[in-house]
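J.: Starting off with a structure, shown below.
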Amino acid sequence: MGLHLMSLTASGGLPLFSRKIGAVESLPFSTMASLNGVHMFCNSHGCELKNVYTEDTTVVWKTLEDSITLIAVGVCTQESVLNELLDFAFGALVMIVGLEEIRMHRSAERLKRDLRISYPVLDRLMECIDLGNQSLSSSDILSLVPVVFTPENSLLLNCLEVWTEVINSQFGCVVVENSIAAATSAWWELDAHERKLLQLLIMSSGGVTATDIPVFLPQKSPTVREVPFRLVSCMLVSGVWVSALCGPAPSLSQIERLTAECWKHVTEVLKSVSSIVPRNFPQSIILQQGIIGFLLINIPLSKYVMSNTVSNNKKESRSNCDVLRTFFYESATSLTSPHGEHAALETYWCSEYHKIYAMRIEDEIMCVLFSSNIPTPTMRILTRETHALLTGDKHFCW
């Protein structure tokens, strides 16, 4: 199974980029041209081609700002997920080069060159798609931001608020591996797509200790006429970063100095926090026997915590998390719709190797992965008890 994501200019069909993930071959230019050509043909005859299905493949198109066309080709992937991927991909392009550059680009070659910076974020977005391939490095969910539960959440938040104040920013977060450990209230007030893209951009920085990246927020500041932002990130300890959206000042060197001063007293705490991954919640919380993983989602804030509760082995953890992600995409998304007369509130799966039960509780969804020997009638009770146990601890900034 695999996925292709590509972009071409809307007017001339000139390729801007092509990315792939999974067990698929790279698409030749002739295939890209054909996919774009049939879309342009429909447009010239007053029709909008949105999607095409084959036996096992779905193709979706979107033309944005009358400037670029995005195309996604997925094997055994839902149309709704591919459309969401295109929305996020366009947001990633806007974040890197700005909306004006996309609308008014004079040179396709220059735009193509500028968009290369977005490749790591695009690749991480594609890794969020469930391809049924457990060899991929991520179990992330496309529309949600991952977080971790730690007893130090409150302490981290206090340090973060002091740090953001001294660097003159309202928007800050602490990231452990790929997950948010603490974030300011202003950060959570950003658009959900912006938070997701910023989180992916932070984790795409590579092997450096500090980064300073100019960004255009797709909703808050998509053009140069809006307030400019810099996404500044500093590594605190291995695997732990602190990031903020800043204006023109202070400089990166000043921020690095202020970071060292603000966080030097909590180095051991930061190391302790980093060790909680991939379990993502403390060893002090003991769940019922037979629970081998869970996924807890906060719908209004579009965030989640996902955990393998059996082992800290990353390969085994990812396998269980892959099952939870597949369950979310194929079944639990029905629980995210607004409450109404016909809204689903519970759903479950049973298989030879495991069982999963999901329940909507007010504005949250609790999905619990059980071993197969758990009696099906008890899953509902255990799911509710697990939710109460995880959300009842006030040390967690959930």
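The values are calculated or read from the model by the stated rules, or taken from the named source; none is laboratory data. This is a predicted model, so every value here is computed, not measured. With ideal geometry, Cβ positions are generated from the backbone for all residues, glycine too; neighbour counts draw on all protein chains shown. Accessible surface is based on the protein model in full, side chains and every heavy atom, while ligands, DNA and RNA are left aside. Shrake-Rupley method; radii C 1.70, N 1.55, O 1.52, S 1.80 Å.
J.: Along the Cα-to-Cβ line of W398, 7 Å from the Cα, sits a label point; which residues in segment 341-364 have backbone N less than 11 Å from it?
T.: Of the residues in segment 341-364, 364 have backbone N under 11 Å from the label point off W398.
J.: Across the chain, where is the longest run that never hits trypsin sites (Lys or Arg not before Pro) in a DSSP loop with at most 14 other C-beta atoms within 10 Å?
T.: Working: sites that count: K50, R106, R225, K394.
Counting only loop sites that pass the neighbour cut-off, the longest clear stretch is 226-393.
J.: 5 Å is the cut-off here: which amide hydrogens, built 1.01 Å from N in the peptide plane, fall below it relative to I68, excluding neighbours closer than 5 in sequence?
T.: When sequence neighbours closer than 5 places are left aside, the close amide H contacts are A10.
J.: Hey, another quick one. Gaussian network model of the chain, Cα springs within a sub-10 Å range: biggest mean-square fluctuation belongs to which of T333, T386, T58?
T.: With Cα springs under 10 Å in the chain, the top fluctuation among T333, T386, T58 is at T333.
J.: Hey, another quick one. Bin width 5 Å, origin at 0, all Cα-Cα pairs of segment 82-217: what percent of pairs per bin?
T.: 2, 9, 17, 20, 20, 15, 10, 5, 2, 1, 0
J.: Could you please report the charge total around E109, scoring K, R as +1 and D, E as -1 over all other residues with beta-carbon less than 15 angstrom from its beta-carbon?
T.: Values: positive: R106, R110, K112, R113, R116; negative: E101, D114.
Local charge sum for E109: +3.
J.: Take the Cβ-Cβ distance between S185 and R380 as r, set R0 to 41 Å, and report the resulting FRET efficiency rounded to the nearest 0.05. Working shown, then result.
T.: Working: r = 34 Å, r/R0 = 0.84.
Efficiency, rounded to the nearest 0.05: 0.75.
J.: Calculate, in nm to one decimal, what S272 and E65 gain on full extension: separation in residues at 0.36 nm each, minus their alpha carbon distance.
T.: Details: separation 207, 0.36 × 207 = 74.52 nm, distance 4.64 nm.
Difference between extended and current length: 69.9 nm.
J.: Further question on the same structure: Taking only the alpha carbons of segment 112-190, what extent do you get along each of the three principal axes, in Å, biggest first?
T.: Reported extents, whole Å, longest axis first: 40, 35, 19.
J.: Given the Cα-Cα distance of L389 and E100 and 0.36 nm per residue of separation, how much length would full extension add, in nm? All intermediate terms of the calculation are to be shown ahead of the outcome.
T.: Working: separation 289, 0.36 × 289 = 104.04 nm, distance 4.82 nm.
Here the answer is 99.2 nm.
J.: Quick one: with all protein chains in place, what share of the accessible area of the chain is carbon or sulfur, to the nearest percent (1.4 Å probe)? Before the final figure, lay out each step's value.
T.: On the way: 9200 of 17690 Å².
Here it works out to 52 percent.
J.: Using only the Cα atoms of the chain, build the gyration tensor, take square roots of its eigenvalues as a ≥ b ≥ c, and label the shape rounded, prolate or oblate: rounded if a/c is under 1.5, else prolate if a/b is larger than b/c, else oblate.
T.: Values: a/c = 2.00, a/b = 1.15, b/c = 1.75.
Taking the square roots of the gyration eigenvalues as a ≥ b ≥ c, the chain is oblate.
J.: Rg/Rh for segment 1-115 to two decimals, with Rh computed the Kirkwood way over all alpha-carbon pairs. Can you show the working numbers first?
T.: Working: Rg = 13.6 Å, Rh = 14.4 Å.
Taking Rg over the Kirkwood Rh, I get 0.94.
J.: Right, another one. Can you give the net charge of the other residues whose Cβ lies under 14 Å from the Cβ of A186, counting K and R as +1 and D and E as -1? Mind showing how you got there, number by number?
T.: Numbers: positive: R195, K220; negative: E161, E165, E189, D191, E194.
Neighbour charge sum, excluding A186 itself: -3.
J.: Roll a 1.4 Å probe over the protein chains and send me the accessible area per residue for the chain in Å². Please list the in-between numbers first.
T.: Details: 17690 Å² over 398 residues.
On a per-residue basis, the chain sits at 44 Å².
J.: In addition: In square angstrom, rounded to the nearest 10, how much accessible surface does F29 have for a 1.4 Å probe?
T.: 120
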